[in-house]
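To start, the structure itself, in structure tokens.
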Amino acid sequence: MDRTTPIDLDHWPRREHFEHYRSRVPCTYSLTVELDATTLSAALRRTGRKTYPAQIWAIASVVNDHDEFRMSVDEAGSPSVWSVVHPFFTVFNPERETFAAVWADYDRDFARFHDRAVELLTTHRAATTMFPQGEVPPNVFDVSSLPWASFTGFTLNIAHGTDHYLPIVTLGRYVERDGRVMLPLAMQIHHASADGFHTARFVTELQGLMDSSGDWLG
């Protein structure tokens, strides 16, 4: 069962940073990088696995490895950490030119997650409502894809965004350059949850998962 564990403020190294960026200087930030998806792209062609579910699983795996990306804050301002957060991702309806948003339970087993995500993408491709699964759980983080465009910068302007503590990830279109396949990725982060160090580590670990994709894609 998904649950939250309160953070022990008396022994939390980031307590002062959390309070500063939550109350004194409410602050979010964005970071856009290019990831080398050459190995991942080749492994996907070899295995026949779907690109978007593989990208989502890799992102969710790194997110779930770190407390700072699973943070929740209650109405009193007390922080806690979810035991698990699930990816909440977009599904494009080409006929209506609209999208739906669906979530899949995160699973450490890539094959199981992949099949579930493919099923959701297929089932809801023709969805006419934004949230076809119904009420959205509180422990989901957002992933969206812009496969029509590559980008070098991407920023979300969110009203009351300083109340949103889970990361938001946006993917762009692959671009080939000098024999490599590059993937734009943008992250929106609450500074109370994570500093630049944590986000940079996320990027490094995600790149590592993509580089080792031949091992987990099957």
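Points worth noting:
- Residue selected from the stretch 20-45 under the condition among the charged types (D, E, K, R) and modelled with pLDDT of 95 or more, by the criterion most open to solvent (accessible area, probe 1.4 Å): R45
- Test: residue in the stretch 119-128 that is open to solvent by less than 40 Å² (accessible area, probe 1.4 Å), touching a Ser or Thr at 6+ places or on another chain (Cβ under 6 Å) and on the phi < 0 side of the Ramachandran plot: no
- The residue that is farthest from V81 (Cα to Cα), counting only those in the stretch 99-146 that are in a strand (DSSP E or B) and more than 15 Å from the chain's Cα centre (by Cα), is F99.
- Selection status of G172, over 20 Å from D67 (Cα atoms) and either in contact (Cβ under 8 Å) with a residue 60 or more places away in the chain or touching a Cys at 6+ places or on another chain (Cβ under 8 Å) (or both): no
- One residue stands out among those in the stretch 46-74 that are among the hydroxyl-bearing types (S, T, Y) and touching a strand residue (DSSP E or B) at 6+ places or on another chain (Cβ under 8 Å): the one that is modelled with the lowest pLDDT, which is S72.
- Against the list (1) closer than 24 Å to T162 by Cα; (2) touching a residue at least 60 places away in the same chain (Cβ under 8 Å); (3) surrounded by fewer than 18 Cβ atoms within 10 Å (Cβ to Cβ), the condition V63 fails is (3).
- The residues of the stretch 130-139 that are open to solvent by less than 50 Å² (accessible area, probe 1.4 Å) and either in contact (Cβ under 8 Å) with a residue 60 or more places away in the chain or farther than 10 Å from V102 by Cβ (or both), listed by number, are G134, P137, N139.
- Identity of the residue in the stretch 148-193, aromatic (F, W, Y) and surrounded by 14 or more Cβ atoms within 10 Å (Cβ to Cβ), that ends up nearest to R14 (Cα to Cα): Y165
- The stretch 1-16 residues that are more than 9 Å from S80 (Cα to Cα), paired with ones that are open to solvent by 60 Å² or more (accessible area, probe 1.4 Å) and not small (G, A, S) (beta carbon under 8 Å, 6 or more apart): L9/R15
- For the stretch 145-169, residues that are in contact (Cβ under 8 Å) with a residue 60 or more places away in the chain and in contact with a Pro (Cβ under 6 Å, 6 or more places away or on another chain) total 2.
- Scanning the stretch 75-98 for residues that are buried (at least 21 other Cβ atoms within 10 Å of the Cβ) and more than 16 Å from the chain's Cα centre (by Cα) gives a single hit, P79.
- Residues that are touching a Lys or Arg at 6+ places or on another chain (Cβ under 8 Å) and either closer than 19 Å to F141 by Cβ or open to solvent by less than 10 Å² (accessible area, probe 1.4 Å) (or both) within the stretch 196-218 comprise just one, L217.
The values are calculated or read from the model by the stated rules, or taken from the named source; none is laboratory data. These numbers were taken from a predicted model, which means no experiment stands behind them. Cβ coordinates were reconstructed from backbone atoms using ideal geometry, including for glycine residues, and neighbour counts include every protein chain displayed. For accessibility, only protein heavy atoms count, side chains too; no ligands or nucleic acids. Shrake-Rupley method; radii C 1.70, N 1.55, O 1.52, S 1.80 Å.
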